[in-house]
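Heads up: the structure comes next, in structure tokens.
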Amino acid sequence: MKTETPFYTATPESQLKINELLDLPASGDEYSWEFELADSAKLDAMCQHLESGQLDLEDSSALALVAIASMEEAVDNSIDVEPFLARLRAVFNANEDLQVRMVSFWIDQGNAEHTEMSINILLN
């Protein structure tokens, strides 16, 4: 799945909303917001919010960015991500617009450090 319109980052408004929703320690000066605020300890809450269907595409995109970055952080720290793989996969399989955006960011643009995991989440 190659995306036609690249997705580069979340809107500032969506970043603020997700910062508040997850109580992330944002300063407002983050260069790579999703990477700097990744928090594998909040993966369950991230999955719950994504699964709820209560966020619009912009807010879901922001949350999905930080969720996948948090999955990468978990792998880097040898934390078991298995409980979250199926949950995130289901979210992306149910929302094609969100899936396309995340494929653009993580796979097409090469932002994934753990590419196989991102492919497993986004394309299976």
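Candidates GLU58, GLU30, GLU72: the one that is touching a His at 6+ places or on another chain (Cβ under 9 Å) and either at negative phi or crowded, with 21+ Cβ neighbours inside 10 Å (or both) is GLU72. The number of residues in the stretch 1-41 being closer than 20 Å to TRP106 by Cα and of a type outside the set (S, T, N, Q) comes to 18.
Residue-by-condition table, conditions (1) closer than 19 Å to PRO6 by Cα; (2) surrounded by 19 or more Cβ atoms within 10 Å (Cβ to Cβ):
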| site | (1), (2) |
| --- | --- |
| LYS17 | no, no |
| GLU20 | no, no |
| PHE35 | yes, no |
| ALA38 | no, yes |
| MET46 | no, yes |
| SER52 | no, no |
| LEU65 | yes, yes |
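In the stretch 5-14 there is at least one residue matching the filter, namely being out of contact with any strand residue (DSSP E or B) (no Cβ under 8 Å at 6 or more places or on another chain), crowded, with 16+ Cβ neighbours inside 10 Å and touching a residue at least 60 places away in the same chain (Cβ under 8 Å). Would you say VAL66 is more than 13 Å from the chain's Cα centre (by Cα), under 21 Å from THR115 (Cβ atoms), in contact (Cβ under 8 Å) with a residue 12 or more places away in the chain and in a helix (DSSP H, G or I)? No; evaluated as a whole, the condition is false for this residue. For the stretch 75-124, give me every one of the helices (runs of 4 or more DSSP H) that falls completely inside it and has 1 or more residues that are modelled with pLDDT of 95 or more. In the stretch 75-124, 82-94, 96-102 are the helices (runs of 4 or more DSSP H) which contain 1 or more residues that are modelled with pLDDT of 95 or more.
The values are calculated or read from the model by the stated rules, or taken from the named source; none is laboratory data. Nothing here was measured: the structure is a model prediction, and the numbers come from that model. With ideal geometry, Cβ positions are generated from the backbone for all residues, glycine too; neighbour counts draw on all protein chains shown.
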